[in-house]
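Undergrad: Take a look at this one; I'll ask things after.
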Amino acid sequence: MANKTFSVLFQSGLEYFEFLKDTDRTSITNRLELREIYNIEFRQRNAGIKHANFSSVLYALKRSQRITRRGDRIYFNSMFRAPYVDQWHNPRRRQPQSVQDAAASPAPGEASAGEAQTGVRDRKRLASLLINKLKRDRAQLISDKCGISITSDSPFNNGKLQLCREDTYEYVISLDVKNTGTQPVHFTYYTPLHWLTYLTLKDEHKVTKTNPLALQPGDSYQIQVHFKCSFVGFYPATLAFEFKPDLQASTKFHIVRFIEATCVTALGLELKPEKPFRPCFILPSVPVDLFTVVDGQKPDGLSLNRLQVVVGLPMHKIPPYIDQLINSLKRSAPFQDKRELLESPLSWERYAEKFQLLLYLEERQMEVDIRRYNIPNSEREYAIMQKDRNNKRLLIMEVPGVSENRPSVLRGDQLLVYPAGERSVKYCGYVHSVQLDQVKLGFSSKLLDRFVDKMKFHVEFTFNRLTLQLQHRAAKLAGDHGLEKVLFPAAPALPQPELPNLRLFDSKLEKNPEQYQAVQHIVAGSSRPAPYVVFGPPGTGKTVTLVEAIKQIEKTKPLCHILACAPSNSATDLLCTKILDHVDERKVHRMYATSRDPHCVPERLKACSNLVGDSYVFGPKEELMEYKIIVTTLFTTGRLVTGGIPAGHFTHIFVDEAGHATETECLIPLAGLLNADSGQVVLAGDPKQLGPILRSPFALRYGMGVSLLERMMNNFSLYQKNNGVFDNRFVTKLLRNYRSHPAILKVPNELFYDGELQVCADEILRNSYCRWEYLPKMNFPVIFHSVTGVDEREASSPSFFNVTEVEVLMDYVKKLLQTQGKKGLATISPKDIGIIAPYRKQVQKIRKALEKVGKDLKVRNMDHLKVGSVEEFQGQERRVILVSTVRSSPDYLEIDKEFNLGFVKNEKRFNVALTRAQALLIVVGNPRVLESDSTWKHFIKYCRDEEAFQGFVHVEEDDDVVERFANLYIEMNVEVVETAESVVQQLLDPEWRNDL
């Protein structure tokens, strides 16, 4: 059999096994049953992919020793495993489903909910009873029984009636209660199970327990249901009806009906789910030994490297035992000593070993997540390339999402393509340039010679392992260079050095005692060998403090050499730009990675950078060592280690935004470049804001999501308050907030910063929306707008969105743009407004809505209004910030909590979202759900107390209201989509790191 055919058959076999695993049927051994599943379910699930017949697939699996066949029994061998191990999926046990007779008789001896009580207490007692029954047996409660049927003009579907009409805020429905049986039945009581201000019920006889109605065979009785709402939103009601065959007996039965009224605008209808949600399972990859790769054409002139390799960079490939370890972690089973290592606190003795293990776990998850973007997928069956008009040796491919680093594709990266229907040969294409969502690729002549227009290709994406290699090496070098005193610091025995009197370059800092004090201690080296921490809450100026310290060291210490870095190119460019304000550019070197698009290099920095034309030049070690200050990203500092810059050459190493990076990323500029005895490390950031994003649930669980900055402040007394005061020899907490109005700052200040932050923002700017006509309370520029919406998903995307919240947000955007410059308000443009949402799909829905609003209002540059996740707004500010919290179902809150998603149950996301605003903060959300979290409860109470709460008001405030809300109103599948893809990827779809 040809190799090409075999690889295709083997791939189909792998995919079929994954399908069986996802549906918990790998224990089936009967060949005929397996064939039936293959033909009827597996082959039909994706019309775009054709699979071979079952016997051919069995042959490929048997030949590859994946199965054993004994007559008509098929056994999947223990060695049979997918090319990845799913870190997220825990197989569910199938529960047998009981089939209830639709006309089931009432449960005998059911306790009475109350004799003559017909008020709130009786309703609550009945609600409690039926909630529990709904959990156990919903089908029995919604079924007509004992001859009684409940219908309406519109049909009920599974006990539910859904009402949705554009711009309709009032609905009237008639319910028909009919006795279709042969015996009389007494209608004794009916009620909504939760008190609702928007709902009224009327009936002519006014049925109650004290005034029951006898329904003779054939009798009908009407109840009028009246919905009246004032706001867009989702308004559900659960109605319970009680009947007795005999008034003198205690036996009774209940029928439940759900009615859901949606008040929606034309925009809301446009944003509704395009298709029903159906999860998309990531296909396994074909083992590399089953295909060949034809290398492509690398881009010329990316760089000129005159920096010789002195320190090698090992590959650090994932060891074979990692998949077994993942399976043991999922089962809570022991595995060698690896589980013990992961669960034990971080120690110097096993420092490198633990971090390298965590890096392997994270890489394995990255391998799975990157396949989300492979083509074919749920949105595209194939990719089409075209020849570049300017260079016939290049092919152009359109890759939606590349401009947002989903996935990240940089110059010099590679991806694999193969013609549709072929799998034995894959062609490696090197990225020559990226323009918006188009990628120019260089392939081998073997592909170019056979290329024709409209040729269909499948595509596989990869990620750059260089970032992982650098972190592995740094973890090992930390031990080799004896950085224990830096990474596990203790108070130095030396007396505190004398603090210098300094004349600051930025005179404003002299009026800020905390900033001035931090600069003094950094220049004096008072914490050495321990890192010095600049704890910078939102808007307190930590970057300008760092830059001032760098300038002072360069000015006062002739023998200094400074390395300044940050996780991202944007943060690094900002550092360099501010340094150049007072330092001769000939002393400063901004070093970029070869992958950085030359067009993204700021004009101001080109003269002092390694960009020459369109190429990057890396000078020899001796040349680089002449610069006083080198500025680069954390990853690119690895080049300095590789080039053999000796440890101790850099007297000071600064890391800005240190809280955003993993500890191993922060190690890259330290391990190999720092002399632990003589060097000074300075970390700036805020442990109360967001840390690094991780994909592996186990890397997250076992501590890799804690940055070096946060670990220092959490674990070492040097960086903690003693009698309410920090020791300024090791840490300075900046206290003066130069960003926000006091009403915006108050809650985060109280919850996260001990109430110590002081309002120092420009008075005119911070007060610019204090007289806005749409404020519930003048001079209080904070709004919490209450909505009752629905968490929805669509097509193959597992990420959530909430249409009601988008409608409310667009109403505020219109009001902001229509009132700007009027009635004493400052002018405002889209670039002054930001909208934050936690989930990727909500971001996309908001952007789609903004396009329509922009056209309706004829507003230019609507694309300048930034919409993004909290991560995308960290470190940024806008005059006006709107926040969409999305969550309207409590069922997902624990998922968000476990994996650090969303706003609820995540203090750091809450903190970052609410502290971006300068003059106006508008939060849109469902208070019923949000108040299950103590942080949000504090904020919502604050808004209520200050009369800044508006929108829909829930009147009944029960302790169990959230649970009842979940069980009575929203019928959803609340489980995470269990694929190997990380929950982080499914819901957030974060950017892939692209800053090298």
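Undergrad: Within segment 236-283, can you find the residues that are surrounded by fewer than 19 Cβ atoms within 10 Å (Cβ to Cβ) and over 19 Å from residue 841 (Cβ atoms)?
TA: 245, 246, 247, 248, 249, 250, 251, 265, 266, 283
Undergrad: In segment 444-481, which residues are assigned to a loop (DSSP other than H, G, I, E, B) and farther than 24 Å from residue 593 by Cβ?
TA: 444, 449, 450, 451, 452, 453, 454, 455
Undergrad: Moving on to the next point. From the list 843, 867, which residue is under 30 Å from residue 907 (Cβ atoms) and part of a helix (DSSP H, G or I)?
TA: 843
Undergrad: Can you tell which of 304, 267 is part of a strand (DSSP E or B), out of contact with any Leu (no Cβ under 9 Å at 6 or more places or on another chain) and either at pLDDT 95 or above or of a type in the set (A, V, I, L, M, F, W, C) (or both)?
TA: None of the other options fit; the residue is 304.
So that you can scan it fast, the table gives a plain yes or no per residue for (1) more than 22 Å from residue 615 (Cα to Cα); (2) touching a residue at least 60 places away in the same chain (Cβ under 8 Å); (3) not in a helix (DSSP H, G or I):
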| residue | (1), (2), (3) |
| --- | --- |
| 365 | yes, yes, no |
| 371 | yes, yes, no |
| 384 | yes, yes, yes |
| 430 | no, yes, yes |
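Undergrad: If you scan segment 337-353, which residues turn out to be of a type outside the set (Ser, Thr, Tyr) and either under 18 Å from residue 692 (Cα atoms) or not in a helix (DSSP H, G or I) (or both)?
TA: 337, 345, 346, 348, 349, 350 - these are the residues of segment 337-353 that are of a type outside the set (Ser, Thr, Tyr) and either under 18 Å from residue 692 (Cα atoms) or not in a helix (DSSP H, G or I) (or both).
Undergrad: Tell me, which helices (runs of 4 or more DSSP H) wholly within segment 883-996 include 2 or more residues that are basic (Lys, Arg) and either at pLDDT 85 or above or surrounded by 24 or more Cβ atoms within 10 Å (Cβ to Cβ) (or both)?
TA: In segment 883-996, the matching helices (runs of 4 or more DSSP H) lie at 907-914, 934-945.
Undergrad: When you scan segment 546-568, do you find a residue that is touching a Cys at 6+ places or on another chain (Cβ under 8 Å) and among the acidic types (Asp, Glu), even just one?
TA: Yes, the conditions are met somewhere in segment 546-568.
Undergrad: For segment 333-372, name all the residues that are modelled with pLDDT under 95 and either closer than 19 Å to residue 667 by Cα or of a type in the set (A, V, I, L, M, F, W, C) (or both).
TA: 333, 335, 366, 368, 370
Quick grid of which residues meet (1) among the charged types (D, E, K, R); (2) buried (at least 16 other Cβ atoms within 10 Å of the Cβ); (3) more than 25 Å from the chain's Cα centre (by Cα):
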{"residue": "389", "(1), (2), (3)": "yes, no, yes"}
{"residue": "393", "(1), (2), (3)": "yes, no, yes"}
{"residue": "400", "(1), (2), (3)": "no, no, no"}
{"residue": "410", "(1), (2), (3)": "no, yes, no"}
{"residue": "424", "(1), (2), (3)": "no, yes, yes"}
{"residue": "431", "(1), (2), (3)": "no, yes, yes"}
{"residue": "444", "(1), (2), (3)": "no, no, yes"}
{"residue": "447", "(1), (2), (3)": "no, yes, yes"}
{"residue": "453", "(1), (2), (3)": "yes, no, yes"}
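Yes or no, residue by residue, for (1) in contact with an Asp or Glu (Cβ under 7 Å, 6 or more places away or on another chain); (2) on the phi > 0 side of the Ramachandran plot; (3) part of a loop (DSSP other than H, G, I, E, B); (4) surrounded by fewer than 24 Cβ atoms within 10 Å (Cβ to Cβ):
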{"position": "666", "(1), (2), (3), (4)": "no, no, no, no"}
{"position": "675", "(1), (2), (3), (4)": "no, no, yes, yes"}
{"position": "681", "(1), (2), (3), (4)": "no, no, no, no"}
{"position": "687", "(1), (2), (3), (4)": "yes, no, yes, yes"}
{"position": "694", "(1), (2), (3), (4)": "yes, no, yes, yes"}
{"position": "718", "(1), (2), (3), (4)": "yes, no, no, yes"}
{"position": "743", "(1), (2), (3), (4)": "no, no, no, yes"}
{"position": "747", "(1), (2), (3), (4)": "no, no, no, yes"}
{"position": "751", "(1), (2), (3), (4)": "no, no, no, yes"}
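Undergrad: So which residues in segment 516-551 are closer than 14 Å to residue 680 by Cα and not hydrophobic (A, V, I, L, M, F, W, C)?
TA: Hits for segment 516-551 are 520, 521, 525, 526, 527, 528, 529, 531, 532.
Undergrad: Among the residues of segment 735-760, how many are touching a Phe, Trp or Tyr at 6+ places or on another chain (Cβ under 7 Å) and within 14 Å of residue 540 (Cβ to Cβ)?
TA: 1
Undergrad: Looking at segment 599-622, is at least one residue surrounded by 18 or more Cβ atoms within 10 Å (Cβ to Cβ), farther than 25 Å from residue 581 by Cβ, within 29 Å of the chain's Cα centre (by Cα) and outside the structural domain of residue 363 (by TED's automatic domain parsing)?
TA: Within segment 599-622, not a single residue is surrounded by 18 or more Cβ atoms within 10 Å (Cβ to Cβ), farther than 25 Å from residue 581 by Cβ, within 29 Å of the chain's Cα centre (by Cα) and outside the structural domain of residue 363 (by TED's automatic domain parsing).
Undergrad: Go over the candidates 674, 700 one by one and state the one that is over 25 Å from the mean Cα position of the chain (by Cα) and touching a residue at least 12 places away in the same chain (Cβ under 8 Å).
TA: It is 674.
The values are calculated or read from the model by the stated rules, or taken from the named source; none is laboratory data. Because the structure is a prediction, the values reported are computed rather than measured. Using ideal geometry, Cβ is built from the backbone for each residue, glycine included, and neighbour counts are taken over all protein chains shown.
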